[in-house]
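Heads up, the thing below is written out as structure tokens.
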Amino acid sequence: MYPELAGKQALVTGAARGFGKAIALRLAKEGVTVVVNYRRSKSDAQAVVDEIASLGGKAISLRGDVGDDEALDKLFEGIKSELGSLDIVVSNAAFGIPGAVMESTRKYWDLTMSSSAYSLPALAQRAVPLMPDGWGRIISMTSHGGQKALEAYGLMGAAKGALESLTRALAVELAPKGILVNGILAGVSDTKSLRSVPDAEKLLRYVEERAPLKRLVQAEDVADVAAFLCSDQARMICGQFIVVDGGLSILA
Ligand SMILES: NC(=O)c1ccc[n+]([C@@H]2O[C@H](COP(=O)([O-])OP(=O)(O)OC[C@H]3O[C@@H](n4cnc5c(N)ncnc54)[C@H](OP(=O)(O)O)[C@@H]3O)[C@@H](O)[C@H]2O)c1
């Protein structure tokens with residue numbers, strides 16, 4: 001537990017399910033008031049809010065496509081009127097259509113880059129003016145595809161690579177304000193977005209068998225690291241990615 005987080009306010013994007021949901025629940029258990037952001041999954045987002053309330057926590061759900069400036073402006077109008085200020089942003093939501101680079105289109109490129117890479121600075125630009133002097137946390141979410149060639153992950157891999165670079169650039173820009181910008185590099189987890197990858201089942205079984213810790217990443221594994229990065233224990237970590245993959249990436 002990190003008592004210093006009690007009373008803080010966080011936006012978690014794409015928090016209706018998967019990693020985002022687990023992060024929202026984990027932060028709420030620390031006493032953080034959470035904005036559960038969603039794009040389409042309104043009832044799932046409300047279910048997360050209800051679950052947090054049933055645990056004695058505080059949360060609201062707000063719609064907003066992180067790849068769309070107008071939608072983000074509306075989302076932040078909602079945050080300003082409902083919460084007034086913000087301490088933590090977890091830029092978790094990402095969107096891309098799996099496929100080969102040779103079959104990609106400029107339309108998919110624009111969609112993938114705006115939802116999965118530019119969303120980070122777009123969120124930071126709106127969130128930082130709402131953060132108190134001297135303390136803030138921004139967390140991004142990447143995968144091995146930002147550095148390695150994964151099957152059917154070409155455009156998303158490019159977006160994750162850009163996101164990693166933007167995370168470091170923002171870390172340098174915002175460090176003087178006391179805002180720590182870091183990321184989590186998660187290994188393979190059985191979430192809805194992973195299920196959209198071709199041969200998902202085969203990939204899941206392969207990773208489960210090969211990872212030194214012999215299991216898939218669970219959303220809670222990622223959520224625990226997100227809470228740590230928000231805590232004061234992480235006060236000297238700046239512009240880094242914590243790898244949460246059960247050791248898969250250290251293998252030759
Ligand atoms: N699963 C893995 O193996 C894995 C590994 C490494 C990294 N990651 C990363 O972890 C993050 C979460 O992935 P996940 O596996 O938890 O995915 P998920 O279960 O499919 O959930 C994705 C969430 O993002 C939301 N979302 C998608 N596009 C959005 C947009 N443009 N604006 C706002 N919300 C949007 C979805 O909401 P709606 O349903 O409302 O659209 C959904 O709640 C992503 O950045 C992903 O790249 C995942």
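Checking the condition within 14 Å of the ligand (Cβ to nearest atom), more than 22 Å from V217 (Cα to Cα) and not basic (K, R), which residue from T33, T112, T13 passes? Even if it seems obvious, please write down each step before you answer.
Numbers: T33 fails: within 14 Å of the ligand (Cβ to nearest atom); T13 fails: more than 22 Å from V217 (Cα to Cα).
Only one candidate passes the filter, namely T112.
So which pairs qualify, if the first residue must be in region 2-30 and closer than 11 Å to N92 by Cα, the second must be hydroxyl-bearing (S, T, Y) and away from the ligand (no atom under 16 Å from the Cβ), the Cβ gap must be under 9 Å, and the two must be at least 6 apart or on different chains?
Cβ pairs passing all conditions: none.
Just checking, which of G239, G183 is more than 9 Å from the ligand (Cβ to nearest atom) and surrounded by fewer than 21 Cβ atoms within 10 Å (Cβ to Cβ)?
On the way: G183 fails: surrounded by fewer than 21 Cβ atoms within 10 Å (Cβ to Cβ).
Every option except G239 fails the conditions.
Just the residues that are touching a residue at least 24 places away in the same chain (Cβ under 8 Å) and polar (S, T, N, Q), please, taken from region 105-160. Can you show your working first?
Kept after step one, since they are touching a residue at least 24 places away in the same chain (Cβ under 8 Å), are these residues of region 105-160: 108-109, 111-124, 126-128, 130-144, 146, 151-156, 158-160.
Answer for region 105-160, where residues must be touching a residue at least 24 places away in the same chain (Cβ under 8 Å) and polar (S, T, N, Q): T112, S114, S115, S116, S119, S140, T142, S143.
Regarding region 122-142, can at least one residue be identified that is over 20 Å from G64 (Cα atoms) and either within 11 Å of the ligand (Cβ to nearest atom) or in a helix (DSSP H, G or I) (or both)? Step through it out loud before you land on a result.
Initial filter on region 122-142 (over 20 Å from G64 (Cα atoms)): 132-137, 142.
So of that shortlist, the ones also either within 11 Å of the ligand (Cβ to nearest atom) or in a helix (DSSP H, G or I) (or both) come out as 142.
Looking for residues that are over 20 Å from G64 (Cα atoms) and either within 11 Å of the ligand (Cβ to nearest atom) or in a helix (DSSP H, G or I) (or both), one finds at least one in region 122-142, hence yes.
With respect to the numbered conditions (1) small (G, A, S); (2) over 22 Å from R126 (Cβ atoms); (3) touching a Leu at 6+ places or on another chain (Cβ under 7 Å), which one is the sole condition not fulfilled by G57?
(3)
Quick one: in region 186-202, which of the residues that are more than 9 Å from the ligand (Cβ to nearest atom) and either crowded, with 17+ Cβ neighbours inside 10 Å or of a type outside the set (D, E, K, R) (or both) is nearest to A24 (Cα to Cα)?
A200
Output the number of residues of region 39-71 satisfying the condition of being in contact with an Asp or Glu (Cβ under 8 Å, 6 or more places away or on another chain) and near the ligand (Cβ under 9 Å from one of its atoms). Working first, answer last.
So the first thing to find is which residues in region 39-71 are in contact with an Asp or Glu (Cβ under 8 Å, 6 or more places away or on another chain), and the list is 39, 60, 62, 71.
Next, only the ones that are near the ligand (Cβ under 9 Å from one of its atoms) stay: 39, 71.
Going through region 39-71 one residue at a time, the tally reaches 2.
Enumerate the helices (runs of 4 or more DSSP H) found wholly within region 143-251, keeping only those where 2 or more residues are closer than 30 Å to T105 by Cβ.
Values: elements: 154-174, 192-195, 200-210, 219-230.
The helices (runs of 4 or more DSSP H) meeting that bar are 154-174, 192-195, 200-210.
Does any residue of region 207-221 turn out to be more than 22 Å from F95 (Cβ to Cβ), modelled with pLDDT of 95 or more, touching a strand residue (DSSP E or B) at 6+ places or on another chain (Cβ under 8 Å) and surrounded by 17 or more Cβ atoms within 10 Å (Cβ to Cβ)?
yes
The values are calculated or read from the model by the stated rules, or taken from the named source; none is laboratory data. Values in this document were obtained by computation on a predicted structure and should not be read as measured data. All Cβ positions, glycine included, derive from the backbone under ideal geometry; neighbour counts span all protein chains shown.
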